[in-house]
1. Please compute the length gained on full extension between residue 197 and residue 231, using 0.36 nm multiplied by the number of residues separating them and subtracting their Cα-Cα distance.
2. Measuring from label point to label point, each 7 Å out along Cα→Cβ, what is the residue 224 to residue 31 span in nm?
3. Determine the distance separating the Cα centre of the stretch 143-181 from the Cα centre of the stretch 187-224; give it in Å without decimals.
4. Of the listed peptides 56-62, 84-90, what is their order by residue-averaged count of other C-beta atoms within 10 Å, with the highest listed first?
5. Hey, with R₀ at 35 Å, roughly what FRET efficiency would residue 121 and residue 146 work out to, going by the Cβ-Cβ distance, to 0.05?
6. If you scale each eigenvalue of the Cα gyration tensor by 5 and take the root, what three semi-axes come out for the stretch 26-255, rounded to whole angstrom and sorted largest first?
Ligand SMILES: Nc1ncnc2c1ncn2[C@@H]1O[C@H](COP(=O)(O)OP(=O)(O)OP(=O)(O)O)[C@@H](O)[C@H]1O
Ligand SMILES: [Mg+2]
């Protein structure tokens, strides 16, 4: 089995002896999971994270860090890629969901919006929304649809257009809207900002914030765009090479020099490539001194 080189454990930026960021039972609790693809590739190693009810928790990290794998583990969609949670546990409101099917997890109120949106390209906006609502009666359906149109007003005029011809931002809105049609209590969003222009990203992130503030939705937000995600998140975890390397409030992370340099692009220092390199360098330095 290939595994990632040993990296230091997660660094919590919370002050010591304070309660964890999740005081009550978290909506979602992931404990020490390991995810392996094809029985050989360890993509996620010893990852723990909590998402308290009614909060936005961001999961940040660069390409290949393991963010989507964590989301897929939570939504039970790893099977399709020959992936498996080999160790650890996942609980949704105190209930173990490790044996649950993808459909069962949606039934428990957790819906994922996968990377790349995955709309039905030949169906209209409204048809895509209705597919997300499956089995609901007409009145509930109309209410859910109006709620989505209220959140994303620009979808109203596009409601009869074919989804495949929409802009990337509009497609992302339909994808989030479709997830909302089953009236979830928790959304897991995989890189909603991917490939979108800054103004559209603002519009989408504002809607995500609204879902928390107005509707009390719980949100796990996977992003490479750290500054956007930290602007709306209550708490964040940073992954590298399959592990969580840092976690904290956006304020605490924003003060961290490594985060400022590698994720927020705020440092003037040149020549470093990743937080892992820096840590190795620091450890080497400690070792030599
Ligand atoms: N189906 C798969 N089979 C084998 N390896 C995979 C599979 N999916 C992902 N991986 C590997 O697992 C690791 C984590 O991938 P993952 O997609 O979770 O990263 P990510 O953080 O979401 O990256 P990105 O920001 O590029 O989406 C990578 O090394 C990737 O190559
Ligand atoms: Mg990904």
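1. The residue 197-residue 231 span can extend by a further 10.5 nm.
2. 3.4
3. Between the Cα centres of the stretch 143-181 and the stretch 187-224 lies a distance of 14 Å.
4. Working: 56-62: 24.7, 84-90: 16.6.
Highest to lowest by the protection proxy: 56-62, 84-90.
5. Efficiency computed from Cβ-Cβ geometry: 0.90.
6. 28, 20, 17
Bear in mind these aren't lab numbers, they're just calculated from the coordinates by the rules spelled out. Computed from a predicted model, the values in this text were never measured in an experiment. With ideal geometry, Cβ positions are generated from the backbone for all residues, glycine too; neighbour counts draw on all protein chains shown.
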